[in-house]
Every structure is written in structure tokens, then in C-alpha cells.
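The values are calculated or read from the model by the stated rules, or taken from the named source; none is laboratory data. Computed from a predicted model, the values in this text were never measured in an experiment. Glycine gets a Cβ as well: all are built from the backbone with ideal geometry, and neighbour counts include every protein chain shown. All accessible areas refer to the heavy atoms of the entire protein, side chains included, with ligands and DNA or RNA removed. Shrake-Rupley method; radii C 1.70, N 1.55, O 1.52, S 1.80 Å.
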Amino acid sequence: MNFGISKVTSSCCNTDQCNVQDAPDPSNVPNGKTCYSCDGQSCSSTVGCTGTEDRCIKATGNFGGQSLVVKGCASKSFCDATSVSGVESISCCEGNLCNGAQSVTQSFLFLCCSLLSYFLLH
């Protein structure tokens, strides 16, 4: 997973004591995919995905008593995982920038424009 400000790699295995080896180093080879990432208060930054990171991800969870949204790149195998500790919801998508940068301000402006159009046309 690549969140722009941090990058995590993991590896799964299915035999006894097979987790003694460290996970492989993350790939730094760009693969052409681009996703939104968060940098504190804003989620409008972008990050270039690398290696097997073929999906965009948006995850929400409660970390340290605070609700947090993270966005970035992830692999199909991570997106297919059934649950992740501390994470309330995970959504993955396949298109470039498909994990949305929409903010509350944009939603409010869209709502205002819709209402204005309704009043003008009726």
C-alpha cells in the first residue's frame, strides 16, 4: 500500500512458522496508475502507484480515538482481504483517480447549484 506519506508492504503465507522472513521491499517502479492521497486535512493530493499497486483505495477507521480517512494505492490482494484490524471500511476501485477527492465544500456547492437550478426552472 502506498498512501503518499507512507508505504507499507506485506506478505502472506500458509505454513507453520512461515512468517520468520521479512516482507519484501516495496517496488519503486511506476506502473502508470494514479490515485488520490491525503496529507492531513485534505485528500486532493495524488500519488503515483508502483509495482503491484493496481487499485486505488479509500479506508476509514478509528485510530487513537480519532476518525481518519486514508487514500492511496493498493494491490488486488490487499483489497481482497476480508478485514483489517482497526479499519471500519475499505473500498477499492480500478480506474485512475477513482478514489475521489471530493470534499465537503464540493458537495455543498453541488447542493447549492442544484437547489438554485430547481428554483429557477420551476
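Structure data summary
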item	result
Qualifying residues in the range 54-71 (those that are more than 11 Å from residue 3 (Cα to Cα), of a type outside the set (Lys, Arg) and open to solvent by less than 50 Å² (accessible area, probe 1.4 Å)) - the one nearest to the chain's Cα centre (by Cα)	60
Index of the failed condition, residue 10 passing every other in (1) of a type outside the set (Asp, Glu); (2) in contact with a helix residue (DSSP H, G or I) (Cβ under 9 Å, 6 or more places away or on another chain); (3) not in a loop (DSSP other than H, G, I, E, B)	(3)
Single match in 107, 91, 37, 45 (criterion: modelled with pLDDT under 85 and either of a type outside the set (A, V, I, L, M, F, W, C) or open to solvent by 70 Å² or more (accessible area, probe 1.4 Å) (or both))	107
The lone exception for residue 15 - which of (1) open to solvent by 50 Å² or more (accessible area, probe 1.4 Å); (2) touching a strand residue (DSSP E or B) at 6+ places or on another chain (Cβ under 9 Å); (3) of a type in the set (Ser, Thr, Tyr) it fails	(2)
